[in-house]
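A short worksheet on the structure shown next.
What follows is calculated from the coordinates using simple rules that are stated; it is not laboratory data. Given the structure is predicted, the values throughout are model-derived calculations rather than measurements. Cβ sites come from the backbone with ideal geometry, for glycine too, and all protein chains shown count toward neighbours.
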Amino acid sequence: MAWFPAPSFALRGGLGVRWGSVPEVSGSDRMSSLGLGLEWWPVTDPTKGSWAVGFRADVLVMQQRVTGNLTNGTQEIHERVLPGGDFVIQSFVALIPRLQVVGGLGLQGLLGSTDLRVGDDHTVVATIPAISVVADLGLRIRF
């Protein structure tokens, strides 16, 4: 969602989910996010145009969930909440005046990386980095 108090600036809120495999623990990783931030649209007025290019920066609250399959056939699940932020170059195409398809590419940073440990001695087998390249695509309702 986005609210435009001025033609080229918006306050935004967003939800996101991304996931992938973690072969080192025979499992998967899921990141869920809640973000609030600002958008700046220097190319085209997004409140009137059918497309635009801009930038966004968000403050994020991320929930990280790692599921690993143990050798005895059971699953082990660990979750934690991390603060973070992102900076994204984005563009949109309007489907109708208040509904847009938005896509972006940028960097997302968390305040901390995650070491994945296995065994009784807690050997580190992988690290999920604090900085990630992110791409997103979604629908936005403009108010």
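What to note about this one:
- Whichever residue in the range 28-52 is acidic (Asp, Glu) and assigned to a strand (DSSP E or B) and, among such residues, is surrounded by the most Cβ atoms within 10 Å (Cβ to Cβ): Glu39
Each row is one residue, and each column tells you yes or no for (1) surrounded by 12 or more Cβ atoms within 10 Å (Cβ to Cβ); (2) within 27 Å of Pro5 (Cα to Cα).
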{"site": "Ser26", "(1), (2)": "yes, no"}
{"site": "Gly54", "(1), (2)": "yes, yes"}
{"site": "Asn69", "(1), (2)": "yes, no"}
{"site": "Arg80", "(1), (2)": "no, no"}
{"site": "Ile89", "(1), (2)": "yes, yes"}
{"site": "Leu110", "(1), (2)": "yes, no"}
{"site": "Thr123", "(1), (2)": "no, no"}
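- Residue in the range 76-84 that is in contact (Cβ under 8 Å) with a residue 24 or more places away in the chain, assigned to a strand (DSSP E or B), closer than 20 Å to Trp40 by Cβ and not small (Gly, Ala, Ser) present: no
- The residue that is farthest from the chain's Cα centre (by Cα), among those in the range 109-143 that are over 30 Å from Glu76 (Cβ atoms) and among the basic types (Lys, Arg), is Arg142.
- Checking each residue in the range 5-23 for being over 22 Å from the mean Cα position of the chain (by Cα) and either assigned to a strand (DSSP E or B) or surrounded by 14 or more Cβ atoms within 10 Å (Cβ to Cβ) (or both) picks out Pro5, Ala6, Ser8.
- Odd one out for Gly106, checked against (1) under 14 Å from the mean Cα position of the chain (by Cα); (2) surrounded by fewer than 19 Cβ atoms within 10 Å (Cβ to Cβ); (3) of a type outside the set (A, V, I, L, M, F, W, C); (4) more than 28 Å from Pro7 (Cβ to Cβ): (4)
- A single entry from Thr67, Thr71 fulfils the requirement of being part of a loop (DSSP other than H, G, I, E, B), among the hydroxyl-bearing types (Ser, Thr, Tyr) and more than 19 Å from Ala135 (Cβ to Cβ): Thr71.
- Qualifying position, being touching a Pro at 6+ places or on another chain (Cβ under 8 Å) and closer than 30 Å to Val25 by Cβ, among Val66, Val59, Val53: Val59
- Selection count where residues are small (Gly, Ala, Ser) and not in a strand (DSSP E or B), scope the range 88-143: 4
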